[in-house]
Amino acid sequence: MKKYKCPVCKADSCGDDLHTVTKYVGPEKAVGDRMKVIMMQVFDMSDIDNLQKYEMKALICALIDEHILEEDLLNDESV
């Protein structure tokens, strides 16, 4: 397997979301269809990157914690 290079800037994993290569063309209408796309990526992490189940779970949890913000309206004193 050859080393990944960004197709736009040719850097090793530059991290720019606009440079990401994906076959996903979405948007999928149903949540089940979107989950299927996520599952296909999980299988790729296993097959291509040889990641173990707990490594994949840690990456997914870190991704969610980093990018998804929630507001707890029950404990919000301004309500």
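The values are calculated or read from the model by the stated rules, or taken from the named source; none is laboratory data. Predicted, not measured: the structure shown is a model, and the values here were computed from it. Please note: Cβ atoms are built from the backbone with ideal geometry, for glycine as well, and neighbour counts cover all protein chains shown.
Of note, K29 satisfies the criterion of being modelled with pLDDT of 75 or more and not in a helix (DSSP H, G or I). Checked against (1) over 14 Å from the mean Cα position of the chain (by Cα); (2) at pLDDT below 75; (3) not small (G, A, S), K53 meets all criteria but (2). Mind checking whether some residue in the range 35-45 is more than 18 Å from I60 (Cβ to Cβ), at pLDDT 70 or above and either out of contact with any helix residue (DSSP H, G or I) (no Cβ under 6 Å at 6 or more places or on another chain) or in a helix (DSSP H, G or I) (or both)? No: zero hits.
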